[in-house]
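Peer 1: One structure is given below, represented as structure tokens, and several questions about it will come after.
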């Protein structure tokens, strides 16, 4: 590659970096969305909140962030991008590296109230398996956790 091509590629990468950064949610945004989701469950109840998380994408997704809810027994109760997971017990689900991440985030949230868990998961935006960190929090009085993940 000659210098001219290198400079063109470098400029393109530099100019697109802010756009790419804006498409990805941050850890702080994930925590804020979990806060908002937990408050929504308390306000409208589980049945309506879970429905809202799956149907009102304008309110419950931001960039590549979306809300999911998992029962303490491993049952997926709501998922912002993949309704086919709802009603399935994912306690033994493992990522491509063999990590039982649902079991891990449920145990951590039960022990501490909230937790971050790292694993690999398909990104609905890029359609590729990527590294992900999910923040989950127990919902007081409900046997479930609300979570939002950040693709890294």
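Read-outs: derived from the displayed coordinates by stated rules, not from any lab. Since the model is a prediction, treat every value here as computed from it, not as a measurement. Here the Cβ is made from the backbone with ideal geometry for all residues, glycine too, and neighbour counts use every protein chain on show.
Peer 1: Can you give me the angle between helix 3-23 and the longest principal axis of the chain, using Cα atoms only, in degrees from 0 to 90, rounded to the nearest 10?
Peer 2: It is inclined by approximately 20 degrees.
Peer 1: Further, regarding this structure: Please check which bits of the stretch 25-45 a label hung off residue 99 would reach, taking the label as a point 7 Å along Cα-to-C-beta and the cut-off as backbone N under 17 Å.
Peer 2: 27
Peer 1: Now, a different point. For each of 70, 125, 117, count neighbouring Cβ atoms within 10 Å of the residue's Cβ, then give the residues from fewest to most. Don't skip to the answer; put the middle values down first.
Peer 2: Details: 70 25, 125 14, 117 21.
If I rank by nearby Cβ atoms, fewest first, I get 125, 117, 70.
Peer 1: Sort the stretch 24-91 into rounded, prolate or oblate with this rule: let a ≥ b ≥ c be the square roots of the eigenvalues of the Cα gyration tensor; rounded if a/c is under 1.5, and if a/c is not under 1.5, prolate when a/b is larger than b/c, oblate otherwise.
Peer 2: Numbers: a/c = 1.57, a/b = 1.29, b/c = 1.21.
Here the stretch 24-91 falls in the prolate category.
Peer 1: Enter the Cα centre distance for the pair the stretch 110-135 and the stretch 45-90, rounded to the nearest angstrom.
Peer 2: 14 Å
Peer 1: Can you pull the one-decimal nm distance between simple spin-label points at residue 108 and residue 27, each 7 Å off the Cα toward Cβ?
Peer 2: For residue 108 paired with residue 27, the spin-label model returns 1.1 nm.
Peer 1: Once the chain is represented by equal point scatterers at the alpha-carbon sites, with solvent omitted, what log10 I(q)/I(0) does the Debye formula produce at q = 0.10, 0.13, 0.14, 0.16 Å⁻¹?
Peer 2: -0.38, -0.59, -0.66, -0.83
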